[in-house]
1. On the Cα set of the range 186-323, report Rg and Dmax in Å, please.
2. Near Lys223, which lysines are there with a Cα under 18 Å away, not counting those fewer than 8 places off in the same chain?
3. Pick out, in residue order, every one of the trypsin sites (Lys or Arg not before Pro) in the range 162-247 that is DSSP loop and has at most 12 other C-beta atoms within 10 Å; say none if there are none.
4. Please give me, ordered by residue number, the trypsin sites (Lys or Arg not before Pro) of the range 483-528 that lie in loop per DSSP and have at most 16 other Cβ atoms within 10 Å.
5. Which percent, nearest 5, of DSSP beta bridges in the chain are antiparallel?
6. Please report the antiparallel percentage of DSSP beta bridges with both residues in the range 254-448, rounded to the nearest 5.
7. Using a Debye calculation, one point per C-alpha and no hydration shell, please list log10 I(q)/I(0) for the range 451-592 at q = 0.21 Å⁻¹ in order.
8. Please work out how much length the chain gains when fully extended from Asn52 to Thr450, using 0.36 nm per residue of separation minus the C-alpha to C-alpha distance, in nm with one decimal.
Amino acid sequence: MCGIVCYVGPKPCSNIILDSLKKLEYRGYDSAGIAVYHNGEINVTRTEGKLNRLGEALTQAPLDGSVGIGHTRWATHGKPSEANAHPHLVDHIAVVHNGILENHLELKRELAQEGAVFSSETDTEILAHLIARARAETGDLKSAVRQSLYQVQGSYAIAVLSTHEPERIVVAKNASPLVLGRGEGETFAASDIPAILEYTREMIFLDEGEIATIDAEGFAIEKLNGDPVRREPKTINWSPVQAEKGGFKHFMLKEIHEQPLAVENTVRSRISVETGDVASERIGLDDASALRVRRVVLIACGTSHHAALVGKYWIEALAQVPAEVELASEYRARGPLVDPNDLIVAVSQSGETLDTLEAVKVAKSGSARSLAIANVLDSAIPRTTDGALYTHAGPEIGVASTKCFTTQLAALFMLAVFLGRRRNTLSQDRAQKLLRGLMEIPNLMREVLTVEKRIAGIARQHAQFSDFLFLGRSYSFPIALEGALKLKEISYIHAEGYAAGEMKHGPIALIDKNLPVVVIMPHDGSFDRIVGNLQEVLARGGKAIVITTSGDKVLDGLDIERIEIPPCPVELTPLLTVLPLQLLSYYVADFKGTDVDQPRNLAKTVTVE
Ligand code: F6R
């Protein structure tokens, strides 16, 4: 996730671009930059940190000119720094990019052999070199961009400005958003509607594999193969505030819906279904360390701790290595025993949670190998560990973690497969099936999210209860814990997550008509046993909301609310069963009118004890 803005027209554009970038700051805020053409040159200003730093730099040294491109960055390759900020300028060609180029390492090697010198660690600069090289050959910017895009794999939305054709900007899109807007004698492009809503309401959304040239008169869109594209503009009637959330009422709801793409981005380029394997250079752990591991210790807090619990099940099942999950606050305090053959895995969305960071430092003192699974590039925890596996979920603004949870799951699943393959506990055939299943998860997630309206209805009927119980077995037990945490943190309703097998050891005493029980029971090896637990709940007058796999007959005729997920490999059910629970808590909270994105007493990043 990054934000792009382009302007071509008669007005001085640097402040227009800066103001538009501010509307995209939710897409990235670790560095920013702007390139403006003026008198035969492209002048670039870039700063690390939030956009106000770029604003200050532009106040001190204004950029003249009326054709420009701007970018606000969310780091994926290369730490947040001025050198890694976009635009990247190579041979009078400036490029901004949102997305991930999967084959950047191969391309970089190739370009370096030809003498290219790089001034950043980004994948984007590689694209700038490709375009500059192709432009020198063809003499035409659009052809150069097209030719370069044929060489890259991955996701992109790009904008390219060149001193050779200063009256226009070339933009292109594949799997990252880009919208074009026409004003009075001026034309805009941006990653999202709110950036340019102030200037125009007539917008055209680029489709996958399209390239466009924009100038002050408008734009011409083509397919990458050169076929012209005709598309009518759409009139956008959103209010600016609504638009920043992409039309969703809250960031949390937007982020729930971003999960299919976020998981795609996490998995993209790391796995090969053909070989049934996960690439070691993309997972932060080398083959020798994978073979040496005798125990995996997963350390985390809150929602990340629940992801780690699922990770334990996967690591033990697929890699046959004992795995333990530790609450970071407890682990760091108790003086744990660390073996040099342990693999310490710290799971943290922010990468800054103090307890997790301190726990990693404690574990590292025992010379064990350490790995961070984090979303924020170059944050404190991945800087402390030996390796890092980034989830690439993009910035998560809602305090309640949703897309970062499911991308952590995807990362942990890949880690388990990686360990299993290296240690020969997972056959190629089974790994192929599991990885194929993982590749299909984003589409199955999209299917699950279509039940939103029904869940909103169920939420409305249950919002007045003061206590909830969440039950699950096996892979669904950590999901029960996560469902309960989501509900309590944003709706302030008391909720408990329990292993269903523990019901008889205490919580069954709570059950009566005033206790809704959410039972997470996809078709897996525990299904028959959890049906027994469900019957026990119903026999005591409890109200049950059941998350199960579609096509089930056993539950027919029971007085329950049933929410279905499509069939998928048993191991992968947590990536689907959690979605209805996120929606349920969201709609209960929304119905109660709480501050969903910033619930009371909570902070997004907990950097205190
Ligand atoms: C709950 C939530 C928190 C975080 C926890 C750890 O929705 O977001 O429980 O999971 O504070 O944060 P990270 O993952 O940043 O270490």
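Just so it is clear, none of the values below were taken in a lab; they were calculated from the coordinates. Note that this is a predicted model, so its numbers are computed, not measured. Heads up, the Cβs are rebuilt from the backbone with ideal geometry, glycines too, and the neighbour counts pull from every protein chain shown.
1. 22.7, 65
2. Lys142, Lys173
3. On the way: sites: Arg168, Lys173, Arg182, Arg201, Lys223, Arg230, Arg231, Lys234, Lys245; in loops: Arg168, Arg201, Arg230, Arg231, Lys245.
Loop-located and lightly packed - Arg230, Arg231.
4. Values: sites: Lys486, Lys488, Lys504, Lys513; in loops: Lys513.
Sparse-neighbourhood loop trypsin sites (Lys or Arg not before Pro): Lys513.
5. Numbers: 65 of 107 bridges.
The antiparallel fraction comes to roughly 60 percent.
6. Details: 2 of 22 bridges.
Given both bridge residues lie in the range 254-448, the antiparallel proportion sits at roughly 10 percent.
7. -1.38
8. On the way: separation 398, 0.36 × 398 = 143.28 nm, distance 3.88 nm.
Once the chain is fully extended between Asn52 and Thr450, it gains 139.4 nm.
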